[in-house]
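The structure appears below as structure tokens.
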Amino acid sequence: MNSRTIIVNLLRWMALLFIQIFLLRNMAFYNLSTPFIYVLVILLLPFRTPNLLLYLIAFMTGITLDAFYDTLGVHTSACVALAFVRTIFISISLNRDSIDEPEPTLGNMGLRWFSLYAVLCIFAHHLILFFLEAFKISSWSYTLGRTLLSVVFTLFTVILVEFIFHNRKSA
């Protein structure tokens with residue numbers, strides 16, 4: 001990774017965590033749907049990011065949110081699971097060595113691939129997040145419903161942000 005990529009990702013990390021902590025923290029619709037825009041930090045890391053660094057970034061992102069949300073490792077676990085699902089999805093769907101694009105953005109990969117990638121990763125993140133938050137199996141239907149509604153809201157927000165900062169490939 002070059003210095004420009006590191007600076008861009010560091011600024012993205014700070015901006016998305018700031019937005020999540022100070023703007024979106026208390027935004028919930030009837031306690032059923034909550035947007036978690038910070039997942040973009042992990043989703044948009046470059047393809048060639050080493051797995052150790054990816055998990056370290058996911059861990060630091062989660063632990064930072066846990067400190068502000070006063071949750072004991074819930075966001076950390078969900079972020080590390082998100083990094084794991086990201087690694088598996090990219091290794092199954094793409095050949096890392098033959099990728100010309102530096103990072104998995106909407107502009108680089110297209111709407112279909114990016115949407116599938118985002119839905120799977122966000123679903124895994126939210127499922128773990130909400131089940132660890134509830135920490136009981138008896139309310140599985142409420143937790144699953146909350147997960148699905150939050151996935152839709154987060155996916156809408158993520159795709160909206162990607163369209164706003166859309167960088168088209170030059171053909």
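Structure notes:
- The condition (being open to solvent by less than 20 Å² (accessible area, probe 1.4 Å) and part of a helix (DSSP H, G or I)) is satisfied by just one residue among 21, 37: 21.
- With respect to the conditions (1) surrounded by 13 or more Cβ atoms within 10 Å (Cβ to Cβ); (2) in a helix (DSSP H, G or I); (3) of a type outside the set (D, E, K, R), residue 10 lacks only one, and its number is (1).
- The lone exception for residue 81 - which of (1) assigned to a helix (DSSP H, G or I); (2) more than 13 Å from the chain's Cα centre (by Cα); (3) surrounded by 18 or more Cβ atoms within 10 Å (Cβ to Cβ) it fails: (2)
- Any hit, the range 102-109, residues being open to solvent by 30 Å² or more (accessible area, probe 1.4 Å) and in a helix (DSSP H, G or I): yes
The values are calculated or read from the model by the stated rules, or taken from the named source; none is laboratory data. Predicted model, so just to flag it, every value in this text is computed and none were measured. Glycine also receives a Cβ, built like all others from the backbone with ideal geometry; neighbour counts cover every protein chain displayed. These area figures cover heavy atoms from the full protein model, side chains too; ligands, DNA and RNA do not enter into them. Shrake-Rupley method; radii C 1.70, N 1.55, O 1.52, S 1.80 Å.
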